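Nothing in this text is a laboratory measurement; each read-out follows from the coordinates by a stated rule. None of these values were measured; they are calculated from a predicted model. Here the Cβ is made from the backbone with ideal geometry for all residues, glycine too, and neighbour counts use every protein chain on show.
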Amino acid sequence: MKLLVTGGAGFIGSAVVRHAVRAGHSVINLDKLTYAGSLTNVAEVSDSPLYAFEQADICDRQRLDMIFAAHRPDAVMHLAAESHVDRSIDGPAAFIETNITGTYTMLEAARTFWMAEGRPETFRFHHISTDEVFGSLGPTGKFTEDTPYDPRSPYSASKASSDHLVRAWHETYGLPVVLTNCSNNYGPYHFPEKLIPVVILKALAGAPIPIYGKGDNIRDWLFVEDHAEALLLVVEKGTVGRSYNIGGENEATNLELVTKICAILDEKRPGNAPYAEQIAFVADRPGHDQRYAIDPGRIRTELGWRPSVTLDEGLEKTVQWFLDHENWWRALQDRDGVGKRLGTG
Ligand code: NAD
């Protein structure tokens with residue numbers, strides 16, 4: 001397939017690009033290269049003849065039209081977004097612009113291209129979204145694809161809006177879309193302001209490891225390499241018009257998660273004292289959702305996908321990756337604004 005991947009220089013997008021090129025797909029990586037994007041994330045495949053890069057803004061309709069006409073993709077995998085909840089609380093405007101207007105602009109450019117090509121049934125617009133659109137769970141239950149939307153942060157509200165636009169473009173114009181909503185990702189190339197990298201890097205620096213509130217918020221953790229495999233499966237084999245929830249089946253409280261990371265570091269890079277002694281509880285995030293949990297039953301039964309690693313295995317790989325890639329995270333830490341936030345994304 002020839003895939004137009006938006007946000008392919010970001011955390012999840014770059015995993016998709018790396019997996020897709022290795023699987024023999026052609027990839028056009030369309031990215032604005034905001035603070036969150038870095039071409040070093042795709043350096044492993046960027047010399048491949050299957051890979052091309054277009055620096056562009058998803059809100060720039062003229063550029064998008066030119067890129068669609070020049071590359072004539074078989075499918076779009078739309079990941080470009082503003083993605084950090086804490087940043088959305090400090091400054092929601094960029095989230096409205098990129099996540100809502102940007103998705104609308106992508107949909108219109110894709111629809112125009114698709115109509116000009118004679119409305120091929122095989123074309124796909126795959127929209128990548130989050131489980132945060134479903135709101136917050138109590139102690140039991142899981143999000144299914146039929147859970148009503150109840151977004152509670154500027155980030156999740158902007159992603160919910162974009163999901164609705166994508167469904168409307170299918171119902172109204174017949175654009176062949178698929179959607180996925182996933183849980184919290186972690187793994188190699190995770191941006192240093194997000195929770196797991198923050199924990200690793202603060203621990204190594206001998207600094208306090210911040211945890212919001214009492215650390216009892218529960219998240220389901222999905223290894224990014226497993227997620228990339230799932231996304232490629234959905235764009236190739238997913239049913240048009242359908243949503244698929246993707247989760248790691250790995251629920252943990254933030255405190256459990258941080259304690260696991262500290263224990264892995266104690267093994268791999270022993271310090272003078274156990275790293276868990278650096279844990280520091282800080283004032284909670286406003287509107288902090290208590291629990292997210294995903295029921296991935298549909299993608300498992302329809303497409304045969306399941307995660308390949310447990311949380312312990314994925315965390316071990318992730319910690320090792322950060323220990324082995326100090327140059328990568330040091331370069332990003334120096335960027336404006338990064339490191340001033342807690343990173344409990
Ligand atoms: P990220 O912030 O790491 O990367 C986003 C990428 O989009 C960056 O490369 C950035 O340069 C690019 N971008 C931003 N604005 C752009 C614009 N206007 N035009 C073109 N490119 C632009 O994000 P991520 O964590 O990789 O998330 C990717 C997608 O997955 C997002 O849509 C996000 O909402 C969704 N998602 C992420 C998670 C997670 O745990 N990280 C969970 C659920 C859903």
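What does the charge dipole of segment 1-135 about its Cα centre add up to, to the nearest 20 debye, if the Cβ of each Lys and Arg holds +1 and the Cβ of each Asp and Glu holds -1? Spell out each step's value before the answer.
On the way: 11 positive and 17 negative charges, 86 e Å.
Using only the charged Cβ atoms, the result is roughly 420 debye.
May I ask you to list the trypsin sites (Lys or Arg not before Pro) in segment 48-122 that are in a DSSP loop and have at most 12 other Cβ atoms within 10 Å of their Cβ? Please report the intermediate quantities before stating the final value.
On the way: sites: Arg61, Arg63, Arg87, Arg111; in loops: none.
Filter output for segment 48-122: empty list.
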Lys317 to Arg242: FRET efficiency via 1/(1 + (r/R0)^6), r the Cβ-Cβ distance, R0 35 Å, to the nearest 0.05?
0.70
Quick P(r) readout (segment 161-219; Cα-Cα; 10 Å bins; whole %) gives 17, 30, 21, 19, 10, 2
Ignoring everything except DSSP H segments at least 4 long, calculate the 222 nm mean residue ellipticity for the chain; use -39,500 (n - 2.57) per segment, divide by total residues, nearest 500.
-12000 deg cm²/dmol
On Cα atoms only, tilt of 311-324 relative to the major axis of the chain in degrees:
90
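What are the semi-axes of the equivalent ellipsoid for the chain, taken as the square roots of 5 times the Cα gyration tensor eigenvalues, largest first, in whole Å? Intermediate values should be presented prior to the final figure.
Numbers: eigenvalues 212, 94, 70 Å².
They are 33, 22, 19 Å, listed largest first.
Thr310 to Asp47: extension gain in nm, 0.36 nm per residue of separation minus the Cα-Cα distance?
Working: separation 263, 0.36 × 263 = 94.68 nm, distance 3.24 nm.
So the chain would gain 91.4 nm between Thr310 and Asp47.
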Calculate how many DSSP beta bridges within the chain are antiparallel, expressed in % of all such bridges and rounded to the nearest 5.
10
Any idea how far apart Thr140 and Glu267 come out in nm if each label point goes 7 Å out from Cα toward Cβ?
3.5
Which residues qualify? For Tyr212, with a placed amide H closer than 5 Å and at least 5 residues away or on another chain, they are Val282
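Using 0.36 nm times the number of residues separating Val282 and Ala94, minus their current alpha carbon distance, what extension gain do you get? Display every interim value, and only then the final one.
Working: separation 188, 0.36 × 188 = 67.68 nm, distance 2.65 nm.
Stretched out fully, the Val282 to Ala94 stretch lengthens by 65.0 nm.
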Roughly speaking, what is the centre-to-centre gap between segment 116-189 and segment 254-322 when only Cα atoms are used, to the nearest Å?
24
Go through segment 70-79 residue by residue and turn each phi into a ³J(HN,Hα) via Karplus (6.51, -1.76, 1.60, θ = phi - 60°); whole Hz please, and just put x for glycine and proline.
6, 9, 6, x, 7, 7, 10, 10, 9, 10
Quick one: of Lys2/Lys317; Lys159/Lys237; Lys214/Lys260, which pairs are farther than 19 Å apart, Cα to Cα?
Lys2/Lys317; Lys159/Lys237
The chain: relative contact order as a whole-number percent, Cα under 8 Å and 6+ apart
18
log10 I(q)/I(0) for segment 203-315, Debye formula on C-alpha points only (no solvent), q = 0.15, 0.18, 0.21 Å⁻¹, two decimals, reads -0.77, -0.95, -1.10
Helix 195-205 sits at what angle to the longest principal axis of the chain, using alpha carbons and giving 0 to 90 degrees rounded to 10?
40
Given Cβ point charges of +1 (Lys, Arg) and -1 (Asp, Glu) and nothing else, what value in debye, to the nearest 20, does the dipole of the chain about its Cα centre take?
260
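Once a ≥ b ≥ c are taken as the square roots of the eigenvalues of the Cα gyration tensor of segment 30-89, is the result rounded (a/c under 1.5), prolate (a/b larger than b/c) or oblate (a/b not larger than b/c)? List each step's numbers first, then the result.
Working: a/c = 2.27, a/b = 1.27, b/c = 1.78.
Since a/c reaches 1.5 but b/c is at least a/b, the shape of segment 30-89 is classed as oblate.
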Dipole magnitude (debye, nearest 20) for segment 116-201, charges at Cβ of Lys, Arg, Asp, Glu
140
Considering the options His25, Phe143, Trp305, tell which one lies farthest towards the positive end of the dipole of the chain, charges being +1 on Lys and Arg and -1 on Asp and Glu at the Cβ, about the Cα centre.
His25
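For Arg61 and Glu171, what is the calculated FRET efficiency with R₀ set at 25 Å and r taken between the beta-carbons, to the nearest 0.05? Write out the running numbers ahead of the final one.
Numbers: r = 22 Å, r/R0 = 0.89.
The value I calculate is 0.65.
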Taking only the alpha carbons of segment 81-218, what extent do you get along each of the three principal axes, in Å, biggest first?
59, 33, 27
note: segment 92-132, Cα-Cα separations exceeding 14 Å make up a percent value of 58
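Report D for segment 1-149 in µm² per second (integer): Stokes-Einstein, Kirkwood Rh on Cα pairs, 25 °C, 0.890 mPa s.
On the way: Rh = 16.3 Å.
Taking Rh from Cα pairs, D becomes 151 µm²/s.
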Average Cα contact separation per residue, segment 1-131, under 8 Å, 6 or more apart, as relative contact order %:
27
